[in-house]
Amino acid sequence: MLNKILQSAKRGARGDVKSLSGSTYGGGWAGSQWGTYGTQGLDFNKQAGVRWDNSIVFSILSFAATQVNAVPIVTQKKDSDEWVTIPDHPITLLLNKPNPWYDGSLMTTAMVWQEGAWGNSYAFKHRSRGGKVIALEVMPQGTCYPWTRPGSGDWITEYRLATSTGYYPAPPEDVLHMRWMIPNPVWLQLGLSPIDGALPELVSDKKASQMEGALLTNSGVSPQAISPRRGDDLEGDEFTEAQAEQIRDKIEAQASGGNVGRPIVFGYPIDVQKLGFDPSQLALNDVHDFSEERLCAVFGVPPVVVGLGTGLDKSNNRASMEAAVDLAFDRFVIPYLRHRGKLYTEDLVPELGQEGERVIYDEAYIPALKKRVVAELMGETGGPIKTPNEGRQQIGLDPVEGGDTLRQGNSSALSAKEVMDA
């Protein structure tokens, strides 16, 4: 079968070329996408759960959705050597108001969230009786996936949409499939979420949070082993069943609930041994910092940009803050916007546009956006936005000596009156 496809591909035109991947592997949801997880005894994907029920992932995905929604999307055509925006283009109107139920901002947020967390998002295309696309409806996470019939040579034979009685097979042209920037190496029809590269760190952060919750519930006390003190006059140097029951009930009653923090008094001598680490020995803060660094690294977003504390002590000045924001835009925001624009172009222009048109996010809005992000971050972290001389120049005053240094807090800073009177 494979040889026949190769031979036909050599003879045929571009439109006749069949997918080698589709005919070779066939496709399959669980086996193809998740088959590499759990090979070392731990199914991190299962333990990671829904992924975004974690403050690190939530912060990153919120940042991503905010930045994508802040940049207008437009449809353009080339006029001589310049790209010209087409006002009220059908594609632009559809993406801004995809259906009667919600607007483009909600659709974009839902899709960005799914792409970041799982690598893919899907929107079903509602059509008029004449076959024209008239609405887009985002499919909930986990209710749609591409399927290729083994041996068909198709890249994607159909999309399978979950229903209460099974699934509805939708032709590929009826589904807008948005993939993350990195393809899944075991199933190229899918995008691969950056979180897949940091699942152990995500699980570690969740486990650390669970441990902190358990310690707080238990008044910060780690599990204990309680035994009779040797040499004292206790029957057989062992607790009786009644004594053991009494000790356990007393500890449970006074180390949890409304009695947390109250002293525990026993009527006979006992020895207590720790079975676990205390909070300081667990170094849970280091676990959180490590997870923040790794999860932010796979997305290309410095932790400080999304409001996380890792590295904040080294970023509380204008230069380092601007560098962090620039890095986030250069490594993540701008590439992601261009990638999404390219996918929109490939899918929607053939149906709703004309050859030579493109869909893009208008990057002319990004410089102002970057400045706003820097200003917000500096305000939140207590750092200044401008040097005294930059502020004076803005209102038409001459510079002052020492006014080119960025000042932290009120220490060694000129007062407002000193700056104005100098």
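The values are calculated or read from the model by the stated rules, or taken from the named source; none is laboratory data. A quick note: this is a predicted structure, and the numbers were derived from the prediction, not measured. All Cβ positions, even for glycine, are placed from backbone atoms using ideal geometry, and neighbour counts span all protein chains on display. What goes into the accessible areas is simple: the full protein's heavy atoms, side chains included, and nothing from ligands, DNA or RNA. Shrake-Rupley method; radii C 1.70, N 1.55, O 1.52, S 1.80 Å.
You will find that of G341, G409, the residue that is modelled with pLDDT under 65 and either at positive phi or touching a Phe, Trp or Tyr at 6+ places or on another chain (Cβ under 7 Å) (or both) is G409 and no other. Would you confirm whether any residue within region 75-83 is basic (K, R), touching a residue at least 24 places away in the same chain (Cβ under 8 Å) and surrounded by 14 or more Cβ atoms within 10 Å (Cβ to Cβ)? Among the residues of region 75-83, at least one is basic (K, R), touching a residue at least 24 places away in the same chain (Cβ under 8 Å) and surrounded by 14 or more Cβ atoms within 10 Å (Cβ to Cβ), which makes the answer yes.
For region 169-189, filtering for residues that are surrounded by fewer than 19 Cβ atoms within 10 Å (Cβ to Cβ), of a type in the set (A, V, I, L, M) and either at pLDDT 95 or above or farther than 15 Å from A123 by Cα (or both) leaves 4. All of V359, V333 fail the test of being open to solvent by less than 10 Å² (accessible area, probe 1.4 Å), outside any helix (DSSP H, G or I) and not aromatic (F, W, Y), apart from V359.
In the condition set (1) farther than 30 Å from A364 by Cβ; (2) open to solvent by less than 20 Å² (accessible area, probe 1.4 Å), N99 is compliant with all but (1). Please work out if R160 is of a type in the set (K, R) and in a strand (DSSP E or B). Yes; evaluated as a whole, the condition is true for this residue.
Taking the criterion of being open to solvent by 70 Å² or more (accessible area, probe 1.4 Å) and touching a His at 6+ places or on another chain (Cβ under 9 Å), the only residue of region 123-168 that qualifies is I134.
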